[in-house]
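The values are calculated or read from the model by the stated rules, or taken from the named source; none is laboratory data. Here the structure is a predicted model, which means the values were calculated and not measured. So basically every Cβ, Gly included, is an ideal-geometry build from the backbone, and we count neighbours across all protein chains shown.
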């Protein structure tokens with residue numbers, strides 16, 4: 001009866017996971033976070049399937065049953081390790097980190113992943129993670145708890161970084177999603193603690209499935225508020241954020257309105273695809289320019305070739321933002337376009353009595369004053 005319940009829970013997790021994978025893949029987005037989420041879902045899809053098969057064959061005995069059960073358990077641990085590794089990759093995208101894209105980091109990441117997988121693959125010979133006794137009953141090995149501790153430590157490290165970054169995140173929706181993502185290590189911790197009590201239920205599968213549902217819901221909310229081309233916040237999200245921010249800020253509040261110089265000329269000369277590339281490069285410049293701030297500035301595409309950055313901080317922070325943008329435009333750190341990219345920037349500061357639209361209008365007015373002055377050669 002126990003193995004039937006175990007298999008049923010695993011199959012429910014499998015079915016829900018398959019639906020999430022279908023919905024995420026159907027969106028067709030190529031964002032790094034969605035790609036890592038798809039990898040996470042794929043790994044745990046196999047993990048849940050193997051968990052269900054393991055439960056079905058758990059009471060089987062005989063010469064042929066033991067190798068099959070051993071193989072299923074090995075694959076179960078391997079897919080669990082891969083799923084946790086891919087979750088770490090997903091967490092890094094929420095941190096806007098390039099650790100998983102760095103060639104220098106590949107050997108170290110490969111080593112960290114190889115250690116638990118090697119333990120699982122060599123287990124039939126060593127029995128360090130698990131074994132089966134003479135009657136075919138599953139037994140935990142001497143390094144079973146070390147394996148779970150290793151996975152917990154890896155996810156906890158990412159979770160601590162997510163919580164630390166969330167403290168400086170100004171966007172309430174992103175902050176909530178970061179904290180939700182950081183709760184993943186609790187899945188492993190709960191399963192580990194229950195394993196000491198000898199509980200033989202798929203707690204880790206159920207808790208992981210709940211976590212995956214939460215992650216999907218969070219990415220869905222982000223999808224609604226993200227501009228699909230540039231992968232920054234859209235105008236709808238911007239207005240909601242500004243309504244919140246003008247009521248909830250501790251330091252001075254600045255708004256930068258930026259647009260791409262000669263954007264119509266780029267479209268007319270090189271085509272609309274190159275115009276899209278210019279918008280993507282602009283968004284990437286702004287993302288990099290915002291990375292060094294303790295309180296992460298908020299970036300949105302306001303419409304067309306216009307972008308907005310909202311910064312909470314001191315006057316020197318506002319100056320540093322402008323300097324960062326100018327420096328990055330002249331560097332090779334962002335994928336180039338066929339023509340030199342330049343931006344015009346208008347800046348406004350919130351004062352008592354200003355509405356969000358007043359703040360946007362003030363920055364917009366300053367932007368066009370600067371653009372008119374540059375056309376006529378006046379400073």
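Brief remarks follow.
- The C-beta contact set for region 228-252 (first residue at positive phi, second residue in a loop (DSSP other than H, G, I, E, B), distance under 8 angstrom, 6+ apart or interchain) comprises 231/31.
- Checked against the criterion of being crowded, with 18+ Cβ neighbours inside 10 Å and either under 32 Å from the mean Cα position of the chain (by Cα) or assigned to a strand (DSSP E or B) (or both), the candidates 300, 326, 362 yield just one match: 300.
- Among residues of region 158-213, those that are modelled with pLDDT under 85 and in a loop (DSSP other than H, G, I, E, B), counted: 9
- Check on residue 100, at pLDDT below 85 and crowded, with 17+ Cβ neighbours inside 10 Å: yes
- When 32, 64, 25, 52 are checked against the criterion of being in contact with a helix residue (DSSP H, G or I) (Cβ under 9 Å, 6 or more places away or on another chain) and free of Cβ contacts under 8 Å to residues at least 24 places away in the same chain, a single residue qualifies: 25.
- Residue within region 307-316 that is part of a helix (DSSP H, G or I) and over 28 Å from the mean Cα position of the chain (by Cα) present: yes
- Restricting 119, 114 to residues that are surrounded by 12 or more Cβ atoms within 10 Å (Cβ to Cβ) and out of contact with any helix residue (DSSP H, G or I) (no Cβ under 9 Å at 6 or more places or on another chain) narrows the list to 114.
- Filter result for residue 75 (part of a helix (DSSP H, G or I), assigned by TED's automatic domain parsing to the domain that holds residue 130, in contact with a helix residue (DSSP H, G or I) (Cβ under 7 Å, 6 or more places away or on another chain) and surrounded by fewer than 20 Cβ atoms within 10 Å (Cβ to Cβ)): yes
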